[in-house]
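One structure is given here, and the rest of the page talks about it.
The values are calculated or read from the model by the stated rules, or taken from the named source; none is laboratory data. Every value quoted in this text rests on a predicted model; they were computed, and no experiment measured them. Every residue, glycine among them, receives a Cβ derived from its backbone with ideal geometry; neighbour counts consider all protein chains shown. All accessible areas refer to the heavy atoms of the entire protein, side chains included, with ligands and DNA or RNA removed. Shrake-Rupley method; radii C 1.70, N 1.55, O 1.52, S 1.80 Å.
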Amino acid sequence: MDFSVLAQGVIDGDLDTVLGEVRRYLAEDAPPQTVMEEHLLPAMSEVGRLFEEGEYFVPELMMSARTMQESMKILNPLLTQSGVQKIGRVVIGTVKGDFHDIGKNLVAAMLEGGGFEVVDLGVDVPPEKFADAVRQREGTLVALSALLTTTMPQMKKVIEKLEADGLRKSSKVIIGGAPVTGEFAEKIGADGYSDNAGAAVTLAKSFFV
Ligand code: B12
């Protein structure tokens with residue numbers, strides 16, 4: 001497969017090339033979303049494939065992830081630039097035991113750009129912390145991210161905690177992350193699932209009309 005210089009930079013973990021290319025695309029007026037969707041995300045999928053096939057190990061994974069994170073520092077403010085009135089409040093986080101946050105950050109940025117007030121609780125977030133954040137305002141949408149099969153059960157734990165604290169009725173829960181499926185969402189009683197950040201915004205909006 002032929003990758004752009006930018007995508008290849010992510011795959012090689014070459015931070016200087018990646019940041020140079022991101023800035024170049026933006027200077028040429030490429031939409032930030034296009035830079036993300038056409039270069040960075042396919043590159044990250046390739047990195048995942050190389051890791052899966054045993055060609056890459058954790059250090060390579062981390063170098064590629066760093067290029068992605070640093071790019072997002074440049075792209076996120078542009079993705080979230082939009083003066084629209086807030087549609088609703090979303091509390092987002094990566095569940096307990098899981099430190100993957102690239103996808104979660106992207107979803108958070110897109111939600112913010114889509115007109116939501118976003119409270120980002122970060123990574124490795126225990127169920128109690130989600131519940132506490134929801135308690136602060138009724139009608140908050142909860143968005144959970146998990147990238148490990150071993151941390152997916154934590155999503156159910158969050159739903160159970162919201163139920164136990166009497167918060168579930170007023171708060172919808174949406175979930176996502178590479179190993180998550182619609183079937184899993186249904187099984188644990190979540191209200192929705194999407195496999196990408198753009199669809200996450202449409203999904204979130206569907207609860208506020
Ligand atoms: C980058 C990466 C890392 C980085 C993370 C850096 C960071 N700050 O996030 C580092 C190097 C730290 C890392 C560590 C580990 N990783 Co890792 N990692 C990846 C990798 C290559 C890419 C993930 C990524 O960022 N993708 C790009 C983003 C944009 O995609 P995404 O997260 O899927 O998000 C999109 C959608 O899923 C969706 N979405 C995401 N969240 C949400 C939430 C909601 C509400 C909605 C609606 C949608 C949504 O929208 C996003 C945008 O479109 C994946 C491979 C893969 N194919 O996923 C492995 C992968 C997830 N890692 C894996 C593993 C095993 C690990 C480690 C255990 C490795 C180790 N031996 O130490 C550790 C675990 C650490 C921990 N406890 O969390 C495995 C998991 C296997 C499994 N079945 O559980 C994977 C699948 C690799 C593999 N094929 O084996 N990893």
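Counting only C-alpha contacts under 8 Å and six or more residues apart, can you give the relative contact order of region 128-209 as a whole percent?
29
Where Rh denotes the Kirkwood radius from the mean inverse Cα pair distance, what is Rg over Rh for region 3-101?
Reported Rg/Rh, Kirkwood definition of Rh: 1.02.
Might you tell me the accessible area per residue for region 5-79, computed with a 1.4 Å probe and given in Å²?
Counting only protein heavy atoms, the per-residue value for region 5-79 is 53 Å².
Sorted by accessible area (1.4 Å probe), largest first, how do ASP2, ASP29 line up?
In descending accessible area the options line up as ASP2, ASP29.
Going by amide H atoms built from the backbone, whose H comes under 5 Å of the H on ASP14, apart from near neighbours?
Here nothing satisfies the definition.
How far, in degrees from 0 to 90, does helix 153-164 lean away from the longest principal axis of the Cα atoms of the chain, to the nearest 10?
30
Using Cα pairs closer than 8 Å and at least 6 residues apart in sequence, work out the relative contact order for the chain, in percent.
16
Compute the length gained on full extension between GLU117 and ALA27: take 0.36 nm times their separation in residues and subtract their Cα-Cα distance, giving the result in nm to one decimal.
Extra length from GLU117 to ALA27 when fully extended: 29.5 nm.
Under the Karplus relation 6.51 cos²θ - 1.76 cosθ + 1.60, θ = phi - 60°, what is the ordered set of whole-Hz ³J(HN,Hα) values for region 88-94, x standing for Gly and Pro?
My calculation for region 88-94 gives x, 10, 10, 9, 10, x, 8 Hz in order.
Express in nm, to one decimal, how much length is gained between ASP165 and LYS73 on full extension, taking 0.36 nm for each residue of separation and deducting their alpha carbon distance.
29.5 nm
Which loop-located chymotrypsin sites (Phe, Trp or Tyr not before Pro) does region 59-164 contain, where loop means any DSSP state but H, G, I, E or B and the Cβ has at most 14 other Cβ atoms within 10 Å?
Passing sites in region 59-164 are PHE99.
With all distinct Cα pairs included, what does the Kirkwood hydrodynamic radius of region 144-209 come out to in Å, to one decimal, could you say?
Taking the inverse mean of 1/r over all distinct Cα pairs, region 144-209 comes out at 12.1 Å.
Counting only heavy atoms of protein chains, what accessible area per residue, in Å², does region 89-206 have with a probe of 1.4 Å? Could you put the intermediate results ahead of the total?
Values: 5110 Å² over 118 residues.
Per residue, region 89-206 has an accessible area of 43 Å².
List the lysines whose Cα sits under 21 Å from the Cα of LYS169, skipping any in the same chain fewer than 8 residues away.
Here the lysines satisfying the reach criterion relative to LYS169 are LYS129, LYS156, LYS157, LYS161, LYS187, LYS205.
For the chain, what is the mean residue ellipticity at 222 nm derived from helices alone (per DSSP H run of n ≥ 4: -39500 (n - 2.57); sum divided by total residues; nearest 500 deg cm²/dmol)? Let's see the in-between values first.
Details: 10 runs with 109 residues, N = 209.
Counting only the DSSP helices, I get -15500 deg cm²/dmol.
Which number do you get for Rg(Cα) / (2.2 N^0.38 Å) in region 89-206? Don't jump to the answer; show the numbers that get you there.
Working: Rg = 12.3 Å, N = 118, 2.2 N^0.38 = 13.5 Å.
Ratio of Rg to 2.2 N^0.38 Å for region 89-206: 0.91.
If you take the Cα atoms of the chain, find Rg, then find the Kirkwood Rh from the mean of 1/r over all pairs, what is Rg/Rh?
0.98
Under 18 Å between alpha carbons, and skipping anything fewer than 8 positions from LYS104 in its own chain: which aspartates and glutamates qualify?
GLU37, GLU70, GLU112, GLU117, ASP120, ASP124, ASP191, ASP195
Roughly speaking, to the nearest percent, how much of the chain's 1.4 Å accessible area is carbon and sulfur?
On the way: 5530 of 10580 Å².
That share works out to 52 percent.
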